[in-house]
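Colleague: Below is one structure. I have some questions about it.
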Amino acid sequence: MCRNIRVLHHFEPPTTKDEMRDAALQYVRKVAGTTKPAARDEKAFARAVEQVAIATEKLLAALEPRGNPRTREGEREKARAKWARRSAAMP
């Protein structure tokens, strides 16, 4: 999985449409292999981002929550701890 794509399910406060669109953009960039499409491909690129964002919103609405909701600060702390473990393991 691409490291830039984050978990969006079961957050408090709920995941925003902007966060879903940002994740869709990262996904389409990864699949397309480019961060900026050629001018002739911009419409197709934008359409793909929109469709993935819509699919993401539908998916998140359909999933049943399990356990305690995630928080953005809690996820940042987990990432910091993971980075600290990686850094400590490096020679």
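Colleague: Return yes or no: is Asp18 assigned to a helix (DSSP H, G or I), surrounded by 13 or more Cβ atoms within 10 Å (Cβ to Cβ) and of a type in the set (D, E, K, R)?
Modeller: So Asp18 fails the test.
Condition check ((1) touching a residue at least 60 places away in the same chain (Cβ under 8 Å); (2) surrounded by 13 or more Cβ atoms within 10 Å (Cβ to Cβ); (3) outside any loop (DSSP other than H, G, I, E, B); (4) not acidic (Asp, Glu)) across all residues:
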{"position": "Arg6", "(1), (2), (3), (4)": "yes, yes, no, yes"}
{"position": "Asp22", "(1), (2), (3), (4)": "no, yes, yes, no"}
{"position": "Ala46", "(1), (2), (3), (4)": "no, yes, yes, yes"}
{"position": "Leu60", "(1), (2), (3), (4)": "no, yes, yes, yes"}
{"position": "Ala88", "(1), (2), (3), (4)": "no, no, yes, yes"}
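Here, each number is a calculation from the coordinates, and none is a lab measurement. Computed from a prediction, not measured in an experiment: that's the story for all the values here. Cβ coordinates were reconstructed from backbone atoms using ideal geometry, including for glycine residues, and neighbour counts include every protein chain displayed.
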